[in-house]
Amino acid sequence: MIAITPELLNRFDVSGPRYTSYPTADRFVEAFGEAEYVLALQGRRSLATAQPLSVYVHIPFCESLCYYCACNKIITKHPERAEVYLRYLSREMDLHTAHCGKGQVISQLHFGGGTPTFLSNDGLRELMEMLRSNFTLVAGGEYSIEVDPRTVDAERLAFLAELGFNRLSFGVQDFDPEVQKAVNRVQPAKQVFELMAAARRLGFESINADLIYGLPRQTAESFERTLAQVAELRPDRIALYAYAHLPERFKPQRRIISADMPMASDKVAMLSRALESFSDAGYVYVGMDHFALPDDALAVAKRQGRLHRNFQGYSTQPDCDLIALGVSAIGRVGATYSQNAKTLDEYYDRINQGKLPVVRGLALTRDDLVRRAVIMALMCQGELLFEPLSQAWLINFQQYFALEIERLQEMQQQGLVQLSAEGVEVTEMGWYFVRGIAMLFDKNLQMDRNRARFSRII
């Protein structure tokens with residue numbers, strides 16, 4: 001493994017987009033609404049050979065508040081609120097199929113939140129039945145659900161397997177009890193270990209653990225202990241995120257005591273040690289904040305050059321349209337992006353009017369599409385070949401991106417890329433900073449250098 005030193009990490013410690021889309025969601029406009037989204041759906045229906053769909057379902061409810069969380073969520077102890085929400089999800093699906101037709105093929109399904117396991121077993125079964133009555137779930141697809149370990153037991157995991165889920169993502173964040181108290185998310189390590197063992201016995205194809213570094217009361221020493229426990233736990237995949245403390249934007253974070261926050265140097269030390277620890281444990285660095293065991297489908301896809309990227313992060317599924325269901329959910333159909341209403345009241349109101357709940361989005365320009373292709377090639381394959389891209393988009397790549405290529409020369413001197421007459425290749429070290437490389441091709445960032453809205457790129 002290449003040595004990623006704290007000095008190197010400090011050099012590239014800047015904010016930047018995660019590029020689950022390009023253009024990024026902060027560029028969506030209210031001029032794109034239901035009418036524009038309907039046209040995109042109808043365009044999909046008119047295609048004789050439409051690509052399989054990815055479907056995302058947002059379940060916003062949580063029983064308690066995690067102070068670090070910046071997701072769209074609703075804290076409630078009333079399970080009946082989920083029953084109402086399911087009725088509206090059913091109506092939203094009906095509105096979709098009215099425009100794109102019933103029975104469209106799904107190869108990827110993801111339940112996120114909030115806390116999807118806030119739903120009761122009956123609620124989860126009802127939701128899966130809704131999906132199966134409106135869409136066709138193919139055999140061998142990726143069907144995943146985010147799991148709060150505090151809301152499930154072995155019996156419930158067996159039920160999720162029975163419903164058809166074959167991938168789980170456990171929200172671990174940190175095993176240290178003091179850190180857990182500081183963020184109001186107490187879950188004993190023993191509980192997570194038992195659940196993951198049960199998931200393996202049940203035959204789930206891939207089990208992911210989410211971790212966060214930079215949380216309050218976290219130290220390099222305490223995080224080292226968490227890393228050792230994760231190595232022992234040995235999930236198939238690990239997602240390691242940097243905590244962004246933005247209390248002015250996210251109200252729950254105001255409950256975190258500023259004095260408890262680790263220093264920037266400590267965060268860099270945590271990241272540096274995490275990279276070492278995962279490498280020593282045999283994990284492959286997939287890209288961005290994702291790691292996987294060598295035989296996991298994600299690691300295999302990277303080796304074979306088949307990685308893709310969507311709003312849920314890296315994927316093995318082909319680049320496909322994404323229908324997003326539920327409050328605040330973001331989707332992609334054709335050359336468009338769309339986002340649903342962010343509050344329950346507005347979401348319900350629009351559906352009550354017989355309208356799809358899309359409140360903003362974007363119709364991509366040709367330049368957007370070209371740049372998206374370039375950014376996704378960098379993020380997923382770590383390579384740009386000038387000639388194929390020139391032919392695909394009827395451009396002279398070197399002329400079109402003359403300024404960007406000039407700036408890549410500086411990154412070549414830093415050891416992040418290799419430039420040649422044929423193209424650009426991200427180096428082994430460059431993979432750790434691939435967001436920074438992709439940012440060179442982000443036209444919007446070049447026009448607006450205010451990056452405060454984004455997370456750190458490392």
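Among what's in segment 131-150 and is in a helix (DSSP H, G or I) and surrounded by 15 or more Cβ atoms within 10 Å (Cβ to Cβ), pick the residue that is farthest from the chain's Cα centre (by Cα). Write out each step before concluding.
Residues of segment 131-150 that are in a helix (DSSP H, G or I), as a first pass: 131-134, 149-150.
Now narrow it down to the ones that are surrounded by 15 or more Cβ atoms within 10 Å (Cβ to Cβ): 131, 134, 149-150.
Working: L131: 22, N134: 25, P149: 19, R150: 22 Å.
The selected residue is N134.
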Answer residue from segment 112-130, given it is assigned to a helix (DSSP H, G or I) and buried (at least 21 other Cβ atoms within 10 Å of the Cβ) and is nearest to the chain's Cα centre (by Cα) among those: P116
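So that you can scan it fast, the table gives a plain yes or no per residue for (1) touching a helix residue (DSSP H, G or I) at 6+ places or on another chain (Cβ under 8 Å); (2) at pLDDT below 85; (3) not hydroxyl-bearing (S, T, Y):
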{"site": "A3", "(1), (2), (3)": "no, yes, yes"}
{"site": "P6", "(1), (2), (3)": "yes, yes, yes"}
{"site": "P17", "(1), (2), (3)": "yes, yes, yes"}
{"site": "Y22", "(1), (2), (3)": "yes, no, no"}
{"site": "V29", "(1), (2), (3)": "no, no, yes"}
{"site": "E36", "(1), (2), (3)": "no, no, yes"}
{"site": "L41", "(1), (2), (3)": "yes, no, yes"}
{"site": "S46", "(1), (2), (3)": "no, yes, no"}
{"site": "T49", "(1), (2), (3)": "no, yes, no"}
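Let me confirm something: among D295, D321, which residue is at pLDDT 90 or above, of a type in the set (D, E) and surrounded by fewer than 20 Cβ atoms within 10 Å (Cβ to Cβ)?
D295
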Count of segment 64-105 residues which are hydrophobic (A, V, I, L, M, F, W, C), over 30 Å from H245 (Cα atoms) and in contact with a Lys or Arg (Cβ under 8 Å, 6 or more places away or on another chain): 2
Selection count, segment 418-436, where residues are modelled with pLDDT of 95 or more and buried (at least 19 other Cβ atoms within 10 Å of the Cβ): 1
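Which members of segment 52-80 meet the condition of being of a type in the set (G, A, S) and either modelled with pLDDT of 95 or more or over 19 Å from F165 (Cα atoms) (or both)?
So in segment 52-80, the residues of a type in the set (G, A, S) come out as 54, 64, 70.
Listed by number, the residues that qualify are S64, A70.
Determine whether F441 is at pLDDT 95 or above and over 26 Å from A239 (Cα atoms).
Values: at pLDDT 95 or above: yes; over 26 Å from A239 (Cα atoms): no.
No, not satisfied.
Tally the residues that are assigned to a helix (DSSP H, G or I), buried (at least 19 other Cβ atoms within 10 Å of the Cβ) and among the aliphatic types (A, V, I, L, M), restricting the search to segment 298-318.
Step one: of segment 298-318, the residues assigned to a helix (DSSP H, G or I) are 298-303.
Restricting the remaining residues to those that are buried (at least 19 other Cβ atoms within 10 Å of the Cβ) gives 298-299, 301-302.
Still in the list and also among the aliphatic types (A, V, I, L, M): 298-299, 301.
The total comes to 3.
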Helices (runs of 4 or more DSSP H) fully within segment 361-456 counting 3 or more residues that are of a type in the set (D, E, K, R) and on the phi < 0 side of the Ramachandran plot: 366-380, 402-413
Unique match (being in contact (Cβ under 8 Å) with a residue 60 or more places away in the chain and either among the hydrophobic types (A, V, I, L, M, F, W, C) or not assigned by TED's automatic domain parsing to the domain that holds N72 (or both)) among A244, A281, A259, A198: A244
Residue within segment 266-273 that is in contact with a His (Cβ under 6 Å, 6 or more places away or on another chain), touching a residue at least 24 places away in the same chain (Cβ under 8 Å) and not small (G, A, S) present: no
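Considering G331, G361, which residue is more than 19 Å from S107 (Cα to Cα), out of contact with any Gly (no Cβ under 7 Å at 6 or more places or on another chain) and either assigned by TED's automatic domain parsing to the domain that holds L53 or crowded, with 21+ Cβ neighbours inside 10 Å (or both)?
G361
The values are calculated or read from the model by the stated rules, or taken from the named source; none is laboratory data. Fair warning: this is a prediction, and the values are worked out from it, not measured in the lab. Cβ coordinates were reconstructed from backbone atoms using ideal geometry, including for glycine residues, and neighbour counts include every protein chain displayed.
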